[in-house]
1. Go through Val75, Val51, Val66 for me and flag whichever is modelled with pLDDT of 95 or more, open to solvent by less than 10 Å² (accessible area, probe 1.4 Å) and within 28 Å of Ala150 (Cβ to Cβ).
2. Would it be correct to say that Gly93 is on the phi > 0 side of the Ramachandran plot, modelled with pLDDT under 95 and open to solvent by less than 40 Å² (accessible area, probe 1.4 Å)?
3. Given the conditions (1) within 16 Å of the chain's Cα centre (by Cα); (2) among the charged types (D, E, K, R); (3) surrounded by fewer than 24 Cβ atoms within 10 Å (Cβ to Cβ), report the number of the one that Glu149 does not fulfil.
4. Output the qualifying pairs, or none if there are none: Cβ atoms under 6 angstrom, residues six or more apart or on different chains, first residue in segment 196-209 and closer than 12 Å to Tyr16 by Cα, second residue in a loop (DSSP other than H, G, I, E, B) and among the charged types (D, E, K, R).
5. Just checking, how many residues over segment 162-202 are touching a Ser or Thr at 6+ places or on another chain (Cβ under 7 Å) and over 18 Å from Ala213 (Cα atoms)?
6. Do we find that Gly137 is surrounded by 15 or more Cβ atoms within 10 Å (Cβ to Cβ), touching a His at 6+ places or on another chain (Cβ under 8 Å), at pLDDT 95 or above and not hydrophobic (A, V, I, L, M, F, W, C) in this structure?
Amino acid sequence: MLIAGFPAGAWGTNCYLVAPAAGEECVIIDPGHQAAQGVEEALKKHRLKPVAVVLTHGHIDHVASVVPVCGANDVPAWIHPADRYMMSDPEKGLGRSIGMPLMGELSVGEPDDVRELADGAKLELAGLELTVAHAPGHTKGSVTFGLPEAADIPPVLFSGDLLFAGSIGRTDLPGGSMDDMLESLTRVVLPLDDTTVVLSGHGPQTTIGQERAANPYLRQAASGQEAPEASRRGM
């Protein structure tokens with residue numbers, strides 16, 4: 001299994017390329033702000049051929065490079081229908097303007113081929129099986145992508161802005177909800193094995209075991225008791 005990731009753009013959003021091995025087909029996860037060049041470099045470095053872009057949610061820091069990346073590689077983009085509108089109207093998803101100078105650098109809109117994700121779907125792409133879990137809280141259409149355990153790696157969760165190392169995604173933007181976030185953590189995250197590697201939308205990787213022990217929000221979801229206020233992340 002090959003997973004190549006890098007932080008991109010003004011928000012340091014993690015973009016991932018996932019393939020069975022170097023020299024094979026791959027899936028691109030969350031090509032955000034200024035990610036197109038990093039994607040191109042990773043494709044060349046690992047001799048990969050992309051077959052799809054998949055998106056954990058619709059915030060501009062995760063989708064800003066979808067149009068150029070899909071266009072350059074003639075591949076579809078997958079997104080949950082509840083967040084699809086943000087691809088063409090990113091400011092509506094934030095409840096505010098993100099600024100004209102920054103907007104001038106973005107290719108706002110949908111690629112030619114957009115497909116919609118559903119909870120529980122299994123995407124058979126590039127020789128991989130990605131399991132989709134709808135996980136609202138950060139946005140109404142947030143999802144995670146799970147990879148099963150393989151011979152050389154433990155299970156992997158691409159958590160988007162649901163779960164970070166020591167924190168969770170913010171819930172104060174349009175479509176966000178702390179109640180939904182805690183429900184998603186309970187339903188999607190808590191049942192996972194402690195060995196599951198978490199590759200999130202921002203920051204370093206972690207594991208479910210580490211977060212179960214130390215993340216105040218995950219502990220709150222597990223116990224049902226209110227946790228001390230801690231910083232939350234994401235756009």
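1. On the way: Val75 fails: open to solvent by less than 10 Å² (accessible area, probe 1.4 Å); Val51 fails: open to solvent by less than 10 Å² (accessible area, probe 1.4 Å).
It is Val66.
2. Details: on the phi > 0 side of the Ramachandran plot: no; modelled with pLDDT under 95: yes; open to solvent by less than 40 Å² (accessible area, probe 1.4 Å): yes.
No, not satisfied.
3. Condition not satisfied by Glu149: (1).
4. Filtered contacts from segment 196-209: Gly201/Asp161.
5. So the answer is 8.
6. Values: surrounded by 15 or more Cβ atoms within 10 Å (Cβ to Cβ): yes; touching a His at 6+ places or on another chain (Cβ under 8 Å): no; at pLDDT 95 or above: yes; not hydrophobic (A, V, I, L, M, F, W, C): yes.
No.
The values are calculated or read from the model by the stated rules, or taken from the named source; none is laboratory data. Bear in mind the structure is a predicted one, so any value in this text is a computation, not a measurement. All Cβ positions, glycine included, derive from the backbone under ideal geometry; neighbour counts span all protein chains shown. With ligands, DNA and RNA removed, areas are computed over all heavy atoms of the protein, side chains included. Shrake-Rupley method; radii C 1.70, N 1.55, O 1.52, S 1.80 Å.
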